[in-house]
There are 2 protein chains.
Amino acid sequence: MQALYFKKSLTFKKNLPSIVKPGECRIRVLLAGICSTDLEITKGYMGFSGIPGHEFVGVVEQSDDSDWIGKRVVGEINAACGDCCFCIRGMKNHCARRTVLGILGRDGSFAESLSLPIQNLHPLPNEISDEEAVFVEPLAAAFRILEQLPLRSDERVTLLGDGKLGLLIAQALKGTCRLVVVGSHPERRSLLEKWGIDFLSVREAEPLRALSDIVIDATGSPKGFDFAQERVRPGGTIVVKTTCAGKPKIDLARVVINEITVIGSRCGPFPPAIKALRERKVDTHSLISEVYPLRKGKEALRRAAEKGALKILLRP
Amino acid sequence: MQALYFKKSLTFKKNLPSIVKPGECRIRVLLAGICSTDLEITKGYMGFSGIPGHEFVGVVEQSDDSDWIGKRVVGEINAACGDCCFCIRGMKNHCARRTVLGILGRDGSFAESLSLPIQNLHPLPNEISDEEAVFVEPLAAAFRILEQLPLRSDERVTLLGDGKLGLLIAQALKGTCRLVVVGSHPERRSLLEKWGIDFLSVREAEPLRALSDIVIDATGSPKGFDFAQERVRPGGTIVVKTTCAGKPKIDLARVVINEITVIGSRCGPFPPAIKALRERKVDTHSLISEVYPLRKGKEALRRAAEKGALKILLRP
C-alpha cells in the first residue's frame, strides 16, 4: 500500500505491506488530518519511526466480527493492554503498555489502511461527512477539558491559541463559561465572532493580567505557560494542552506563591465529539485549509507547518 | 530595639525604632523560627529589605483593643487590604495589595517586637509552650495541603523531603493516607519511625517509580519537581511546596502526556495547627536543633543553612 513513512526523514512509499495485527481490524483510510504533533514527530518528538498520523476517518475492511465490515468509523488512538494497573482502573489512555496510533509503537493513518482493535472504533452516523469526521479525534481532545474540569457559567476562561486545536476547544467550550480566545492570528477574529466567541489579539490582551479563573494553553509554544501565568488569577487553574520537545524554564515559585493548579490534558472522549458534530454545534468546514492527495504528503506537511495554515487533510 | 536587618547583607542592629502601624498591635517577640525562605531571602529572594522572619510567638504589648494586651499569640503573616477582588472572595492570603511579615513590604520577627493587624492574631492556650507555638505558622502551611486536597485513606502519598517543613507535613498527614517520606537524611528514619511514619532513602525509593497517587515536593530543591514526576502515577497529583529563586527546566510535555495535576501550596490555616499542638499530635520538640540569642542571629542563620540542621530558633 501507499503510505508516508518517517525514519529520520519523511518519505512517500508505494509498496508497504498492509499489516493487520492479530485480533484487530483493517480500516481503509478515507481521510487523514495533519496535527501539530505530527509536525513535532517529524522533528524527532517521541523518537517515533514508522507511519505517522493519528487523525482519520475510514471504513472497516477486515474484522473477526463480520458486523463491523463496511462500517464507516473513527478510532481512538491509544491501544491498551487491558491488564495493567491503569487499564484495570479504567484509565486505558494511560495504559502502561499502550501503543499509540502514529505516535508510539504503532503505524498511523497517513496510509491507505491501518490496523486498530475493535474496541477503539466508533461507528459514524450518516449525517456526519468524512470531512467532519476526520475532526473527531482532536475535537475529543478539546472535550477532554470539560471532563477534567467542569466549568461554571460565571467562570472567566482565557483560551490561549487560535490554531487548529484552539479553534476546536473554543467551539467545545462555547456557552459553558465566559470565554475569550487570545490569539496571534488577527484574521481569526471574524471566524470566532461568526461563532459568537470573543477574540483578543495578544496585544489587546496584554493589559488584562491576572484576571482569568482558568487559562487554557493551546499555543503549542514553550512560551505559552509563562503567558498563562500572566493571565491566571491567584488560586486559578492552567490547563496545558501544549506538548513541545525539550524542557521550558518554568517559574515554579510563582505557581506556589499564587497557588495555581496546573492540569495536563491529552486525549479525550469520542462520544461528545461525535454528538457535537451530529448536532451541527461545531464548524469544521472553516478549519480546512487544503486537501492533498496522500502521494503529495510531504508537501502537505510542509504546508501544515506554515504560519496561518489550519487543518491540512490527506486523501489516500 | 534590637533586630536583624537585611539589605544586601544581614546585620544585627541595636537601635532600630519599634514602629506600630496605624490600627495594628505591637507584639513583643518571645521566640522566632528560621525558615528556609529566610535563607533564600538573604540570597535576594523576593528582593526583600528590612527585618526578615515570619515565624514567631509573642505577647501583645500595645493594641487599640485593650482586651488583647498581655495575650500570648501567634500571627498569620499575610496582611490583607480587605477591599480587593481577592479579599472580597475570602482569599486574604492572595490579597493583591498584601504585605507579608518579613517577606514583602513588612518588617518581620527577627526583632524584639513586630507590628501586625489584630485580625491576623490567634491567642494561644496555656497548654502550648512557646517552643511549640513557634511552629504554628509552618505547621499551618503543612495543613494547607489537606485544605486543598482532601486525602483518602487508601491513597498512596509520597512526601519528598525530610527537612523542617517535610517533617511537619509528615505529621500533619499521618493517618490520613498511605504515606511514605522519601528523604536525603537517613538519620531521620528513626525519628519518622518513632512517629509511625514510613521512610525511604532516595536510593531505596529509586525503583518505586510511577506508583504514587500524590507526590508532595517539600525538597526545597529545583530538582524536586523532576523527582516528583518520576514518582507520580499517570493521572496523579503533585503538590509543590518548594519555592526557589530562578526558573527550573520542567518537562511540561510529561505533565500533559501523563495528565498530571500540579497544585501550588503556600500558607495555611492556623486553627488546625493550634489544635494539633494542643492535642499533642505533633512532635515539635524533636525538630529543634538549637536556640540562639537574637544578637547571635547571623551565626544562627549560618547554622540553619548547614546540612542536617533542623529548626533554629531565635530568642530576643
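The values are calculated or read from the model by the stated rules, or taken from the named source; none is laboratory data. As the structure is a computational prediction, the values presented were derived from the model and not from experiment. Here the Cβ positions follow ideal geometry from the backbone for every residue, glycine too, while neighbour counts run over all protein chains shown. Quick note on the areas: whole protein, heavy atoms, side chains included, nothing else; ligands and nucleic acids left out. Shrake-Rupley method; radii C 1.70, N 1.55, O 1.52, S 1.80 Å.
Here are some notes:
- Computed from the C-beta positions of A:LYS223 and B:ALA96, the FRET efficiency with R₀ = 25 Å rounds to 0.50.
- Calculated P(r) tail over 30 Å for chain B, as whole % of Cα pairs: 33 percent
- Extension gain for A:ASP130-A:CYS84 works out to 13.1 nm (0.36 nm per residue, less the C-alpha to C-alpha distance).
- Relative contact order [Cα under 8 Å, 6+ residues apart], region A:169-316, whole percent: 15 percent
- The angle separating the long axis of helix A:136-148 from the principal Cα axis of greatest extent in chain A is about 40 degrees.
- Accessible-area value, A:SER184, 1.4 Å probe, nucleic acids and ligands omitted, Å²: 70 Å²
- Annotation: A:MET46 carries an accessible surface of approximately 80 Å², with a 1.4 Å probe and no ligand, DNA or RNA atoms counted.
- For A:SER221, the shell of other residues with beta-carbons less than 13 Å away shows a net charge of -1, using +1 for Lys and Arg and -1 for Asp and Glu.
- Spin-label model distance (nm) - A:ARG302 vs A:ARG203, 7 Å beyond Cα toward Cβ: 3.2 nm
- Entry note: region B:181-269 has Rg to Rh equal to 0.98, where both radii use alpha-carbon atoms and Rh is the Kirkwood radius.
- Using bins of 10 Å that start at zero, the share of Cα-Cα pairs per bin across the protein assembly as shown amounts to 3, 15, 23, 21, 16, 11, 7, 3, 1, 0, in whole %.
- Across peptide B:262-268, the mean count of Cβ atoms from other chains lying within 10 Å of each residue's own Cβ comes to 6.
- Residues A:PHE86, B:PHE227 ordered from highest to lowest accessible area at a 1.4 Å probe: B:PHE227, A:PHE86.
- Phi angles across region A:270-284 convert, under the Karplus curve 6.51 cos²θ - 1.76 cosθ + 1.60 with θ = phi - 60°, into 3J(HN,Hα) values of 6, x, x, 5, 5, 4, 5, 5, 4, 8, 6, 8, 10, 8, 9 Hz, Gly and Pro given as x.
- For region B:74-95, residues shielded by at least 50 square angstrom of accessible area compared with the chain on its own, probe 1.4 Å: B:PHE86, B:ARG89, B:HIS94
- Computed over region A:28-178: relative contact order in percent, which uses C-alpha pairs under 8 Å that are six or more apart: 24 percent
- Distance from the Cα centroid of region A:164-190 to that of region A:1-62 is 29 Å (rounded to whole angstrom).
- Dipole in debye (nearest 20) - region A:250-290, about Cα centre, beta carbon charges: Lys, Arg +1; Asp, Glu -1: 240 debye
- For the residues of A:23-31, the average number of beta carbons from a partner chain within 10 Å of their own beta carbon is 0.
- Accessible area (Å², 1.4 Å probe, nearest 10) - A:GLU230: 50 Å²
- Most to least accessible of B:PHE48, B:PHE12 (protein chains only, probe 1.4 Å): B:PHE12, B:PHE48
- Summed side-chain charge close to B:LEU167 - residues other than B:LEU167 whose Cβ falls under 13 Å, Lys, Arg +1, Asp, Glu -1: +3
- Rounded to the nearest 20 debye, dipole of chain A from Cβ charges on Lys, Arg, Asp, Glu: 720 debye
- Pairing chains A and B buries close to 3400 square angstrom of accessible surface in total, based on protein heavy atoms and a 1.4 angstrom probe.
- Unsatisfied cross-links (Cα-Cα over 24 Å) in the set A:LYS223/A:LYS307; A:LYS92/A:LYS311; B:LYS223/B:LYS281; A:LYS43/A:LYS296; B:LYS92/B:LYS298: A:LYS92/A:LYS311; B:LYS223/B:LYS281; B:LYS92/B:LYS298
- For the set B:CYS35, B:CYS25, A:CYS85, solvent exposure ranked by accessible area (probe 1.4 Å, protein chains only) runs largest to smallest as A:CYS85, B:CYS35, B:CYS25.
- Of all accessible heavy-atom area on region B:87-200, the percent that carbon and sulfur account for (1.4 Å): 50 percent
- For B:GLY246, the point set 7 Å out from Cα toward Cβ sits 1.9 nm from its twins in the other copies, listed from shortest up.
- Applying the Karplus relation 6.51 cos²θ - 1.76 cosθ + 1.60 with θ = phi - 60° to region B:297-314 yields 3J(HN,Hα) values of x, 4, 4, 4, 5, 4, 5, 5, 7, 6, 4, x, 6, 9, 6, 9, 9, 10 Hz, where x marks Gly and Pro.
- Computed on chain A, with alpha-carbon pairs under 8 angstrom and 6+ residues apart, the relative contact order is 19 percent.
- GluC sites (Glu not before Pro) restricted to region B:73-178 and DSSP loop, no more than 12 other C-beta within 10 Å: B:GLU127
- Computed magnitude of the charge dipole of the protein assembly as shown (debye, nearest 20; Cβ of K, R +1, Cβ of D, E -1): 1400 debye
- Sorted shortest first, the separations between the B:ARG89 label point and its copies elsewhere in the assembly read 2.9 nm; each point sits 7 Å from Cα along the Cα-to-Cβ line.
- Over region B:123-269, accessible surface divided per residue gives 36 Å², non-protein components excluded, 1.4 Å probe.
- For region A:180-299, with +1 on Lys and Arg beta carbons and -1 on Asp and Glu, the positive-most of A:GLY264, A:SER201, A:THR284 along the dipole: A:THR284
- Accessible surface of region B:246-316, 1.4 Å probe: 50 percent of it comes from carbon and sulfur atoms.
- Take the Cα of A:LYS275, step 7 Å toward its Cβ, do the same at B:ALA245, and the gap between the two points is 5.3 nm.
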